[in-house]
Structure formats: C-alpha cells, structure tokens
1. Is it fair to say B:Arg169 is open to solvent by 40 Å² or more (accessible area, probe 1.4 Å), more than 10 Å from chain A (Cβ to nearest Cβ) and at pLDDT 90 or above?
2. Kindly indicate whether B:Phe51 is under 16 Å from the mean Cα position of the chain (by Cα) and surrounded by 19 or more Cβ atoms within 10 Å (Cβ to Cβ).
3. Applying the selection to segment B:45-70, what residues are modelled with pLDDT under 90 and either outside any helix (DSSP H, G or I) or within 20 Å of A:Leu39 (Cβ to Cβ) (or both)?
4. Quick one: count up the residues across segment B:66-80 that are within 14 Å of another protein chain (Cβ to nearest Cβ) and either open to solvent by 10 Å² or more (accessible area, probe 1.4 Å) or touching a residue at least 60 places away in the same chain (Cβ under 8 Å) (or both).
5. Exactly one of (1) at pLDDT 90 or above; (2) among the basic types (Lys, Arg); (3) over 23 Å from B:Leu33 (Cβ atoms) is unmet by B:Arg178. Its number?
6. Being open to solvent by 20 Å² or more (accessible area, probe 1.4 Å) and not in a helix (DSSP H, G or I) is the requirement here; does B:Thr161 meet it?
7. Of all residues in segment B:117-150, which are outside any helix (DSSP H, G or I) and in contact with a helix residue (DSSP H, G or I) (Cβ under 8 Å, 6 or more places away or on another chain)?
8. Can you name the condition, by its number, that B:Val83 falls short on among (1) at pLDDT below 90; (2) more than 12 Å from every other protein chain (Cβ to nearest Cβ); (3) buried (at least 19 other Cβ atoms within 10 Å of the Cβ)?
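The values are calculated or read from the model by the stated rules, or taken from the named source; none is laboratory data. Nothing here was measured: the structure is a model prediction, and the numbers come from that model. Reconstructed Cβ throughout: ideal geometry from the backbone, glycine too, with neighbour counts over all protein chains shown. These area figures cover heavy atoms from the full protein model, side chains too; ligands, DNA and RNA do not enter into them. Shrake-Rupley method; radii C 1.70, N 1.55, O 1.52, S 1.80 Å.
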Amino acid sequence: MNSGNSQFERDFESFLSGDDARLEALYRKLPHAEPDARLDSAVHALAQRAVAQPRTHMRTRARWLPVSAAAAVVLIAAGIVLRIGPQMQQRPAALQETAPSATLQSTPAAKMESAPAAKTQSEPAPAPSSPAPAAPAPPPAAAPELRKSEAAPKPAPRAFPAPVATMREAAPAATTDAKSATPAAAAPMRMKRAMTDSAGAQTLAAPAAQDGNVTLYPEHWLANIRQMLRDNQREEALRSLAEFRKRYPDYRLPDDLRDLR
Amino acid sequence: MDAAHSDEKLMLAYARGDLRAFDTLYARSRGMLYRYILRSVTDRAVADELFQETWSRLIAARERYRVEAKFTTWLLQIAHNLVVDHFRRARPQAGAEETEAVMRELDAPESDLPDRALSDFEERRRLQLALDGLPAEQREAFVLRMESGLGLAEIAQLTGTGQETVKSRLRYAFAKIRERLAE
C-alpha cells in the first residue's frame, strides 16, 4: 500500500514537472480542436474595428467632462440666483412676520440703511408699503396670510431668525431715540441686514442711536416699553412712548401705559 | 511582426494600434485558448461564444494592459472568468460521484472483456471520457497544466485560488485519469 502511494507520488511529481511523457503524448493525441475560420475572422474584425476607432473619442469625451460639469454648475447657480432673487425682494413683509420680535434692535448695517429710509419717510411716502399710523391693525391682520403663503418653501430666511434673535438678547435695552421709518419701510432693511451682516450681532451691544421699536408692530413696541420700565429705564420708556403716540395717535393705549407721563 | 517578440510586447504594440501585432498574438494563442475553453465547457457552441467573448474583452481592455503577468496568464484569466460565469448561469453540474457512476455504467460491458487490448484510439477515448468526467475545477486545472504548460503558481493566480488547492485538484484529476486509463 505504501509502495503504491509512493509510486503514485513520484508519478504525480513527474506529471507536475512536465516529465510524464506518456500522459503528455496521449493528451496531444486528443482531438486538436481549433476555432474555425468564421471565428477567426470575427475576432480579427473586432480587433480591426477597435484599432480603427479613433482613440481621441474617449479622450475628447474625457476632456469635455469637466467643462460640461463646470457649465452645469454655473447654470445651476444662475438658476438659483434667478429663482431666489425675486423672492428675496418680495419677502421683507413676510420676514417681518416670521420673526417680528427678532427685529428689536438694529445692526450697524440696518442703521446705515435705515437712515436713508428715514429721509424718504419725510417725503410723501408711497402708500402701499407703509401701514398708515391711522390704521395700525392691518399689518398683523395681513401678516398671517403672507406667512402662510411664504413660510414653507423658502429655506434661506429660516436661517435668519436665530442670529437676529441673538442680536436682541445681546442688546435688550438698545431702544432709544426713535427717528423716522415706518414698519413697512424698514422691513426690507431688516431683511438685508439679516442677510448681509452676520457679524453685526457682535456690534449690537453698542447703544442704538435711534429707537429701533419704530420698526415693530405696535403691540411689540408697547411690550418693549413695558420691559424698559421693568428695567428701570424710565426715561427711555417715556421717550419711546412719546414716539409711539406720535406715530400712532389713534391707537388706544393699554391702561398701564395710557397715563404714563 | 517579428516572431521573436514576446507576447507581452505584441500586446503592447496592439494597444498602440498595431493590428499586425494582434494577428501574430492571435495566431500564437488561438488554439491553446480554444481548447482550454472547449475542454472546460465541453460544448462547441458555448466554446465558440466564450472564445469570441474572451478576445472581445481583451480588445476592449487593450489600453489598460500592463506587463505585470504573462500575457497567456492574462488571456486565460479572462477566459476562466467567462467559463466560471457560464457554469454559474448553467444548471448545477452533476457531482463527481454521480459522474463516476454514469461512466462506470457506460463502460461496464467493455471493461468486462478479459483480453481487451487497448488500442491507441481506445486510450484517447478513455482519456477524453476521464476528462469529461472530472469536476470542473479539476478539469480546468488539468487542462491548464497540459494545454498551456502553466505551473502551480500561475494556475493559482489565474483561477484565484491557493497553490495548495491547485495542487490538490491536480492530484485528484491525475489519480482519476490514471485509474481510468488503467482499467
């Protein structure tokens, strides 16, 4: 048995090393199958076609790929700008609604922008954009409609309330000199301010030169006046209330502020 | 094209667009490749299809060819992958035991002859039957060894298995063929 095994191992080793002449010879006698002429010509045609095809085809495509990608990016960017741009212009009123209390203070950018707005206010203001002082109710009434129609599909403005809110917390008492600017007129300014000046929050702590409350809805303005009173800023509160009375002479003040002098 | 050029140089030349290099390469390899495929799949129509597909893939990949392995090994590797895919698509093959049983049954009357002298033809027929009766992996290893003269390492690389596995497959194949021829 052992000798049989060792004989097999020797034969196997000689087979592996290519010395098994008998088996090799027998294998060579097997039908010598070869591909037929049809196959030969088919393969030759394949090889010829491949060589005949200009290789620049692939290279051209490879060269155009980054160019096409860049063009696509530019087109997409332009599309976004075209799509968002007009919405941004239509948005101020809606933004004012989405974060009404977030606009308590004015950033430096807002101040820069509100100054010319104040000047234009002294001119006969175009009626449609300014809620007349005589009719303080409309803005809040009209606001929900705007909010409904615009709040959902615009992601960009949603990012604004947070930093603006931090602005308010950074300068809770920055509501003094009320100059001119109606809430509606100031709305676009707030919009631009929120968009363009993210660093403005750091400079908000500086006392505001004018009463930022003029840009608020009456209810919020009054709430701020109350807050000033609670913060022992009576003078500022009185000044702000006087400004309020001037702007909203027909507004029925709540009892706690009506007799405040 | 100079016949002294190695297969690898010919392949590189074809990759650069030299069709004559391809023709030389093809003439050198066609028989070996075809027999490897035919003895693996044992069906002429399938062999034709896989043969053409092997060359088609080689042609498509010509620009990616690098002289990291022998050209023959690369070519056979493409064919091997196609053969494996073919077997995966086909129904499961009969196991080795089942094949053995069928072969035993077929050959029983003839092997019963006491004074049978094996003709050359008979030897070849037996070898062919033995090859056909081998499990696919063993047959493939045996054919690669006999047809292309590949060593264990090359067969292992080509089939994606270990050398010991290849050696084991060859050992089983060799034993069965010997047994078959000795009957």
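1. Spelling it out, B:Arg169 is indeed open to solvent by 40 Å² or more (accessible area, probe 1.4 Å), more than 10 Å from chain A (Cβ to nearest Cβ) and at pLDDT 90 or above.
2. yes
3. B:Ala61, B:Arg62, B:Tyr65, B:Arg66, B:Val67, B:Glu68, B:Ala69, B:Lys70
4. Of the residues in segment B:66-80, 1 are within 14 Å of another protein chain (Cβ to nearest Cβ) and either open to solvent by 10 Å² or more (accessible area, probe 1.4 Å) or touching a residue at least 60 places away in the same chain (Cβ under 8 Å) (or both).
5. Answer for B:Arg178: the failing condition is (1).
6. The answer is yes for B:Thr161.
7. Within segment B:117-150, B:Leu118, B:Leu134, B:Pro135, B:Leu150 meet the criteria.
8. Status for B:Val83: all satisfied but (1).
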